[in-house]
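Below is one structure, written out as structure tokens; the observations come after it.
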Amino acid sequence: MDHFLYRNGTLYAEDVALTDIAAQVGTPFYCYSTATFTRHFRLFDEALDGMDHLVCYAMKANSNQAILSLMASLGAGVDVVSGGEYARAKAAGFDGDKIVFSGVGKTREEMRAALTGGIRQFNLESEPEMLVLNEVALELGTVAPVTVRVNPDVDAKTHEKIATGKSENKFGIPIARAREVYAHIATLPGLRVVGIDVHIGSQLTDLEPFRLAYRKVAELTETLRADGHDIIRLDLGGGLGIPYARGNEAPPLPVEYGAMVKEELSHLGCEIEIEPGRLIAGNSGILVSEVIYVKSGEGRDFLIIDAAMNDLVRPSMYGAHHDIVPVVEAEPGAEQQPYDIVGPVCESGDTFAKQRNMTKVAAGDLVAFRSAGAYGAVMASEYNTRPLIPEVLVHEDQFAVIRSRPSFDEIINRDTIPTWI
Ligand code: LLP
């Protein structure tokens, strides 16, 4: 459930009409709901009730400082994958002991920053990385808490670009080699094992792949404990999917996911960490855009809107579906027609939807992309020198611009012309 609902035919974010925000901020813009973000975090937190746990929001889904501060204020932990994300987490007020550092290519500099600023754990992804972290920790006279991300060779049954748990993927250490790697870590004085990490992919719409992976992690926990390692934490990653096509998709709910986690893992007495991104942020945000032209082509009509692939890349990158709805609803029973919904960027890939049925729209009308709160603004670029679009956060009847639209001058002045030109 989210807080983007129609009232008297106009789409609202909580108690604010999107037409009012559009009038003040201009289009296109992202709009997020504080209540939905809060609700989704709590759903996960409550789903793990009864187990010692920490929900570490995967900020890669949406890393605006306002969203991070909201998450910190709710008591969340956070999952970061770069020095930049680590700096964002600290700036938003997360204590070091609530920051988990994931990612396959952590640099020495990133490790140093995290060891100095405070860190809950590093999720190690390879042996070379393990050796480097050991060195960096020793240089700083400290000991780095670590888990090893194991690759369980499970098919997540999701889009190939976001599946991470098969042996052909670049992530983690093959689970069959885990004993050997943990034994090696035990000999390194700069590292201290705290647990095991696993993340098999994103937008999973079935619990079975999770269950298979977690079963393998449970077995490994017992094996590693018997080997003398102190496995006190299990980081189960993120990945629970959301319904992008409403009415047609019903992925498992956090409460069902939580029940499965308890079934598979509670006997181990470990602290559980999860790293959800999409399920917290996805349906907490929409993208609002204005129709520039309706163009009649051969056998099809194009809706040319002022948002483009640079603002929301998921449809062109993954063929992803987003529901697209008029901000002001047509009269009940109004005629529908198919449109190809496209942006102004000079590529045919700048297509959001083909032959999508909608009630008739005209130039100047507003449309909203649902489920755009995760992997939307964070993946945007300024391709075609289109400024990054503003992000707006609503709370009940108030709203705030939490990132403003840069001017053309700001964009141009970021570049420097060398003296020889
Ligand atoms: N933990 C790790 C280690 C991850 O790699 C990811 C996502 C997450 C947690 C969060 O997963 P989530 O709960 O959001 O599924 N740009 C793509 C999604 C990429 C996901 C990458 N890793 C998209 O737009 O679908």
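The values are calculated or read from the model by the stated rules, or taken from the named source; none is laboratory data. Just so it is clear, the model here is predicted, and its values are computed rather than measured. Backbone-built Cβ (ideal geometry, glycine too); neighbour counts: all protein chains shown. Each accessible area value is taken on the protein alone, full model and side chains, heavy atoms only, with ligands, DNA and RNA left out. Shrake-Rupley method; radii C 1.70, N 1.55, O 1.52, S 1.80 Å.
Of all lysines in the structure, the ones whose alpha carbon falls short of 16 Å from that of Lys216, not counting any fewer than 8 places away in one chain, are Lys166, Lys262. Peptide packing: for 308-314, 321-327, the average count of neighbouring Cβ atoms within 10 Å per residue gives the ranking 308-314, 321-327, highest mean first.
Across the options Val148, Val327, Pro418, the greatest Cα extent toward the positive end of the charge dipole of the chain (unit charges at beta carbon of Lys, Arg, Asp, Glu) belongs to Pro418. Accessible surface comparison of Ser102, Ser266, probe 1.4 Å, protein chains only, largest first: the order is Ser266, Ser102. Would you mind getting me the FRET efficiency between Arg414 and Lys262? Use the beta-carbon distance for r and R0 = 41 Å, nearest 0.05. Computed FRET efficiency for Arg414 and Lys262: 0.25. Highest mean packing first, where packing is the average number of other Cβ atoms within 10 Å per residue, the peptides 94-100, 121-127 line up as 121-127, 94-100. Here the spin labels are modelled as points 7 Å beyond Cα on the Cα-Cβ line, and at Met379 and Lys354 they lie 1.9 nm apart.
Spacing of the modelled spin labels on Glu168 and Ala23, each 7 Å from Cα toward Cβ, amounts to 5.4 nm. One Cα centroid belongs to the range 360-412, the other to the range 90-146; the line between them spans 33 Å. Placing +1 on each Lys and Arg Cβ and -1 on each Asp and Glu Cβ, with no other charges, gives the range 207-319 a dipole about its Cα centre of roughly 240 debye. Helices in the chain, meaning DSSP H runs of at least 4 residues, each add -39500 (n - 2.57). Divided by all residues, the mean residue ellipticity at 222 nm is -8500 deg cm²/dmol.
Projecting the Cα atoms of Ser284, Ile185, Asn248 onto the dipole axis of the range 181-298, where Lys and Arg carry +1 and Asp and Glu carry -1 at the beta carbon, places Ser284 farthest toward the positive end.
Per-residue 3J(HN,Hα) values for the range 403-419, derived from phi via the Karplus relation 6.51 cos²θ - 1.76 cosθ + 1.60 with θ = phi - 60°, read 8, 8, 6, x, 7, 4, 4, 4, 5, 5, 6, 6, 8, 10, 9, x, 5 Hz in sequence order (x marks Gly and Pro). The protection proxy used here, the mean number of other Cβ atoms lying within 10 Å of each residue, ranks peptides 44-54, 58-68, 267-277, 395-405 as follows, highest first: 58-68, 267-277, 44-54, 395-405. Taking label points 7 Å from Cα along the Cα-to-Cβ direction, Gln336 and Glu271 give a separation of 5.0 nm. Computed from the Cβ-Cβ distance with R0 of 35 Å, the FRET efficiency linking Cys346 to Arg42 stands at 0.20.
A straight Cα-to-Cα reach below 16 Å connects Lys360 with the lysines Lys295, residues fewer than 8 places away in its own chain not being considered. Scaled to the globular estimate 2.2 N^0.38 Å, the Cα spread of the chain, given as radius of gyration, is 1.05. Charged side chains reduced to their Cβ positions (Lys and Arg at +1, Asp and Glu at -1) give the chain a dipole of some 420 debye around its Cα centre. Full extension of the chain segment joining Glu208 with Asp15 gains 65.6 nm, where the gain is 0.36 nm per residue of separation less the Cα-Cα distance.
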